[in-house]
Amino acid sequence: MSDDVETITFAIESEDDEDEVELPADLIDMLAEQGQSPAEVVADITLLSFASRAHHFAHHGEGDVPEIDDVESETMALFEERFGVTFGEATGHQH
């Protein structure tokens, strides 16, 4: 790791465990929209990443996972609630 790059650590907690992720502070700034806090940036990208993975499993994955449709549907509802647009509208990737 470079000593010249300032980082910021984010704590991730659930009911059962916790972890941390360290990211370059400048990257957070580059990804932030006007007025967004660093925690909001990380939360937005986290949900975007999970929505992308759920979409992949449901539409591009191999094998049949019966509960994936319900999981993807709930993930997409949470995505739309947070961002005010559908995953397809936000990413330009629609089926």
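The values are calculated or read from the model by the stated rules, or taken from the named source; none is laboratory data. For clarity, every value in this text was computed on a predicted model and none was experimentally measured. No Cβ is skipped: glycine too gets one built from the backbone with ideal geometry, and neighbour counts run over all protein chains shown. Side chains included, ligands, DNA and RNA excluded: accessible areas come from the protein's heavy atoms. Shrake-Rupley method; radii C 1.70, N 1.55, O 1.52, S 1.80 Å.
Distant-in-sequence amide contacts of residue 7, defined by a placed amide H-H separation under 5 Å and a gap of 5 or more residues or a different chain, comprise 25.
For the chain, the share of accessible area belonging to carbon and sulfur comes to 48 percent (1.4 Å probe, ligands and nucleic acids excluded). Approximating the spin labels as points 7 Å out from Cα along Cα→Cβ, the residue 60-to-residue 25 distance works out to 3.5 nm. Divided by 2.2 N^0.38 Å, where N counts the residues, the Cα radius of gyration of the chain comes to 1.28. Just the number please: accessible area per residue for the chain, 1.4 Å probe, all protein chains included, in Å². With the other protein chains kept in place, the chain gives 79 Å² per residue. Taking label points 7 Å from Cα along the Cα-to-Cβ direction, residue 80 and residue 8 give a separation of 3.1 nm.
Shown in residue order for region 70-85 are the 3J(HN,Hα) couplings computed by the Karplus curve 6.51 cos²θ - 1.76 cosθ + 1.60 at θ = phi - 60°: 5, 5, 5, 4, 5, 4, 5, 5, 5, 4, 5, 4, 6, 9, x, 9 Hz (x for Gly and Pro). Entry note, the chain: relative contact order of 15 percent, from Cα contacts under 8 Å with a spacing of 6+ residues. The largest accessible area among 55, 60 belongs to the first residue in 60, 55, and the rest follow in falling order (1.4 Å probe, all chains). Taking the C-alpha atoms only, the angle from helix 38-59 to the longest principal axis of the chain is near 30 degrees.
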